[in-house]
1. Of LYS52/LYS87; LYS165/LYS185; LYS94/LYS122; LYS54/LYS165; LYS94/LYS185; LYS87/LYS241, which pairs sit farther than 18 Å apart, going by alpha carbon to alpha carbon?
2. Using the Cβ atoms and a cut-off under 14 Å, what net charge is assigned to the surroundings of ASP232, where Lys and Arg are +1 and Asp and Glu are -1?
3. If you keep only loop residues by DSSP, which GluC sites (Glu not before Pro) in segment 3-33 have at most 14 other Cβ atoms within 10 Å of their Cβ?
4. Can you pull out the GluC sites (Glu not before Pro) in segment 75-166 that DSSP calls coil and that have at most 13 other Cβ atoms within 10 Å?
5. Using a 10 angstrom Cβ neighbour count of at most 13 plus a DSSP loop assignment to flag exposed trypsin sites (Lys or Arg not before Pro), which longest range of the chain is free of such sites?
6. So what is the accessible area of the chain per residue, in Å², with the probe set to 1.4 Å?
7. Picking from ALA11, SER37, THR109, whose Cα lies most toward the positive end of the charge dipole for segment 1-133 (charges on Cβ: Lys, Arg +1; Asp, Glu -1)?
8. Could you tell me which GluC sites (Glu not before Pro) in segment 167-237 are loop residues by DSSP with no more than 12 other beta carbons within 10 angstrom of their beta carbon?
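The values are calculated or read from the model by the stated rules, or taken from the named source; none is laboratory data. If you're wondering where the values come from, they're calculated on a predicted model, not measured in any experiment. Every residue, glycine as well, gets a Cβ built from its backbone with ideal geometry; the counts of neighbours run over all protein chains shown. What goes into the accessible areas is simple: the full protein's heavy atoms, side chains included, and nothing from ligands, DNA or RNA. Shrake-Rupley method; radii C 1.70, N 1.55, O 1.52, S 1.80 Å.
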Amino acid sequence: MAQVITDPTEAARELSRRVEKAERIVFFGGAGVSTASGIPDFRSEDGLYNMKFKYPPEQMLSHTFFVNHTAEFYDFYRERMIALDAKPNQAHLKLAELEEQGKLLAVVTQNIDGLHQDAGSKRVFELHGSVRRNICQKCGHTYGAEWILETTGVPHCEKCGGLIKPDVVLYEEALNDAVMMGALKAISQADMLIVGGTSLVVYPAAGLIQYFQGNELVICNMQPTPQDASADLVCACDIAKAFAF
Ligand code: ZN
């Protein structure tokens, strides 16, 4: 039976106590980790979005759309996917600290903003890629997000003129096998799995935690998840506050 805590201060205290005892922690994070840093969920259709873009985000972030409407894809990508002003929050920072201390094996994330690396994390499995890497499809040269923001229309490689594609897994595209295998291996070796900022209903999140064989499952999410019943601790509060210890 899970211990459920809604008070952020109490959640941080209890999480800290359990983290202290763990030796091989893996963190698996979803969109909620980024929204706590002020990065809007691109799926939320606010007024600005409705005025500006003609297609729903799921369509604009599909492989087909990238191929057929590359310039419009990049308009959306520059405006909605790249958020370089965002800063790591307490969850990102604490996870980097735990890795530094040798207590955390890896971060597995569904986010593409690179904030875990900004915080100092080294071993990060980015299941959906990263906006920080934009790769020439012809010569493989990689461009950062800043470079993309300085371009207009369809960006082409400065070296060979090839088309540049973000290293982001678009809808209709498969996840990277090596990244997925690395994530599964880390999760299967962990003695503590902390799942944060995800409702755990969307693939691959739901499947990934099946590989966990450790004894301490912690879920940090504002809303209830289908896995709450099998967790040892549920922190039903802001994830940044749960990691404020
Ligand atoms: Zn090139």
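1. Cα-Cα > 18 Å for LYS52/LYS87; LYS165/LYS185; LYS54/LYS165; LYS94/LYS185; rest within.
2. Values: positive: ARG17, ARG18, LYS21; negative: GLU14, ASP191, GLU216, ASP228.
Once positives and negatives cancel, what remains is -1.
3. On the way: sites: GLU10, GLU14, GLU20, GLU23; in loops: GLU23.
Loop-located and lightly packed - GLU23.
4. Numbers: sites: GLU79, GLU97, GLU99, GLU100, GLU126, GLU146, GLU150, GLU158; in loops: GLU150, GLU158.
Passing sites in segment 75-166 are GLU150, GLU158.
5. Numbers: sites that count: ARG43, LYS54, LYS122, LYS159.
In short, 160-245.
6. On the way: 11650 Å² over 245 residues.
In whole numbers, the chain has 48 Å² accessible per residue.
7. My answer, from the dipole projection, is THR109.
8. Values: sites: GLU172, GLU173, GLU216; in loops: GLU172, GLU173.
The qualifying sites are GLU172.
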